[in-house]
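Below you'll find the structure, written out as C-alpha cells, and then a few comments.
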Amino acid sequence: MFYHFTGGGLAEYAVAKESLTVPRPPEISAAEGAGLPVASLTAHLALTQSAGIKLDGSGPRKNVLITAASGGVGHYAVQLAKLGNTHVTATCGARNVDFVKNLGADEVIDYKTPEGEALKSPSGQKYDAVIHCTTGIPWSVFEPNLTETGKVIDLTPGPSAMWTFAIKKLTFSKKQLVPFLLIPKKEGLDAVVKLAKEGKLKTAIDSKHPLSRADEAWTKCIDGHATGKIIVEP
C-alpha cells in the first residue's frame with residue numbers, strides 16, 4: 001500500500017515501504033490483491049475501530065447502515081459487517097440490489113426511491129452505526145434514523161461534516177458524526193489479506209484496464225458508478 005500523498009502505484013514497478021507491505025498468498029490473484037489495500041482496510045477500520053464491531057461475531061447485536069454499498073469500500077463493508085453480530089441495511093442503485101444482497105446484506109434499498117432518500121430501514125430498524133461511503137447526504141437525514149447513541153462514520157468528510165462533528169461534540173450529543181481518517185498499519189493489511197485468503201472477503205472487480213489505457217479507468221472511477229473495484233494492470 002502507498003501513502004496518499006506520495007502515490008506511485010500506477011506503474012509497472014513501484015517502491016513501497018516495508019511497513020506497509022504484506023505477502024500475497026496464492027489464493028488471491030494479483031488483481032484481487034490490488035483491490036484490497038485502501039478500500040478493504042478503510043471498511044475494516046471503520047467497522048472495528050470506529051463502530052466497535054467485533055468480526056468474530058461476538059459482542060452485542062448492532063444495526064448497521066452502509067451507504068453506496070456496491071462501490072469499492074461499500075462492498076467490502078457489507079461482507080465484513082456480516083462477519084460480526086449485525087443486521088445490515090444497505091443502499092445502492094436499482095441495478096445492484098441483487099449484487100448487494102448476495103454480499104450478505106439483510107436489507108437493500110434503492111437510493112433513488114423515497115425510502116432510499118430518507119434512509120429508512122424497510123423493517124423499521126434504527127441504526128447503531130452508519131458506514132457512510134458516499135457524499136451529499138445531510139445530517140438531518142441521518143439523525144432520525146439513528147439509535148439514541150448512534151453514530152455516522154463519514155469516510156469522506158467535507159466542511160459540513162466537520163461542522164456537524166464539532167457541534168455534536170460541543171453540545172455533548174449522544175448521537176455523533178465521526179470523521180474517518182485512514183491511518184494504515186501492517187496489522188490491518190495482514191487482517192484483510194487473511195480474511196481474503198480464507199474466502200471470507202471477496203473482491204468484486206468491475207473492470208480491468210491495461211496500463212496504457214489507465215485514463216479510461218480514471219474516467220470510469222470519476223463517474224462514480226462502478227460495481228466493486230476498477231483495476232489497472234500491465
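The values are calculated or read from the model by the stated rules, or taken from the named source; none is laboratory data. Just so it is clear, the structure is predicted and the values come from calculations on it, not from any experiment. Backbone-built Cβ (ideal geometry, glycine too); neighbour counts: all protein chains shown. Note: accessible area is taken over every heavy atom of the protein model, side chains too, but ligands, DNA and RNA are not part of it. Shrake-Rupley method; radii C 1.70, N 1.55, O 1.52, S 1.80 Å.
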In the stretch 75-94, anything polar (S, T, N, Q) and either touching a His at 6+ places or on another chain (Cβ under 8 Å) or in a strand (DSSP E or B) (or both) is listed as Thr86, Thr89, Thr91
Qualifying helices (runs of 4 or more DSSP H) (wholly inside the stretch 120-233; at least 1 residues being under 15 Å from the mean Cα position of the chain (by Cα)): 186-197
Give the residues of the stretch 22-51 that are part of a loop (DSSP other than H, G, I, E, B), without any contact (Cβ under 8 Å) to a residue 24 or more places away in the chain and surrounded by 12 or more Cβ atoms within 10 Å (Cβ to Cβ), sorted by residue number. Ser29
Scan (1) open to solvent by 50 Å² or more (accessible area, probe 1.4 Å); (2) without any contact (Cβ under 8 Å) to a residue 40 or more places away in the chain for the single condition Lys208 breaks and write down its number. (2)
Candidates Tyr127, Tyr76, Tyr111, filtered to the one that is of a type in the set (Phe, Trp, Tyr) and under 17 Å from Lys200 (Cβ atoms): Tyr76
Are there any pairs, at least 6 apart or on different chains, whose C-beta atoms fall under 7 Å, with the first in the stretch 133-159 and farther than 16 Å from Ser50 by Cβ and the second among the hydroxyl-bearing types (Ser, Thr, Tyr) and assigned to a helix (DSSP H, G or I), and if so, which? Trp139/Thr164
Per the filter on the stretch 91-111, residues touching a helix residue (DSSP H, G or I) at 6+ places or on another chain (Cβ under 8 Å), open to solvent by 30 Å² or more (accessible area, probe 1.4 Å) and under 15 Å from Gly224 (Cα atoms) are Tyr111
Looking at the structure I just gave you, is Gly199 under 21 Å from Leu83 (Cβ atoms), crowded, with 20+ Cβ neighbours inside 10 Å and of a type in the set (Gly, Ala, Ser)? no
Look through the stretch 54-74, keep the residues that are open to solvent by less than 10 Å² (accessible area, probe 1.4 Å) and part of a loop (DSSP other than H, G, I, E, B), and return whichever of them is nearest to Ala196 (Cα to Cα). Ala69
If the requirement is being within 30 Å of Glu18 (Cβ to Cβ) and either among the hydrophobic types (A, V, I, L, M, F, W, C) or surrounded by fewer than 20 Cβ atoms within 10 Å (Cβ to Cβ) (or both), which of these qualifies: Glu216, Glu187? Glu187
Only one residue in Leu36, Leu41, Leu10, Leu47 is closer than 21 Å to Val73 by Cβ, more than 17 Å from the chain's Cα centre (by Cα) and not aromatic (Phe, Trp, Tyr), so which one is that? Leu10
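Please work out which residue is farthest from Thr67 (Cα to Cα), limiting yourself to the stretch 219-234 and to residues that are open to solvent by 50 Å² or more (accessible area, probe 1.4 Å) and of a type in the set (Val, Ile, Thr). Walk me through it before giving the result.
Step one: of the stretch 219-234, the residues open to solvent by 50 Å² or more (accessible area, probe 1.4 Å) are 219-225, 233-234.
Still in the running and of a type in the set (Val, Ile, Thr): 219, 222.
Working: Thr219: 22, Ile222: 18 Å.
The extreme case among them is Thr219.
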Report yes if some residue within the stretch 168-187 is of a type in the set (Gly, Ala, Ser), at pLDDT below 95 and at negative phi; otherwise report no. yes
Might you let me know whether the stretch 75-84 holds any residue that is of a type outside the set (S, T, N, Q), open to solvent by 20 Å² or more (accessible area, probe 1.4 Å) and at pLDDT 95 or above? yes
Name the residues in the stretch 127-169 that are among the aromatic types (Phe, Trp, Tyr) and open to solvent by less than 30 Å² (accessible area, probe 1.4 Å), would you? Tyr127, Phe142
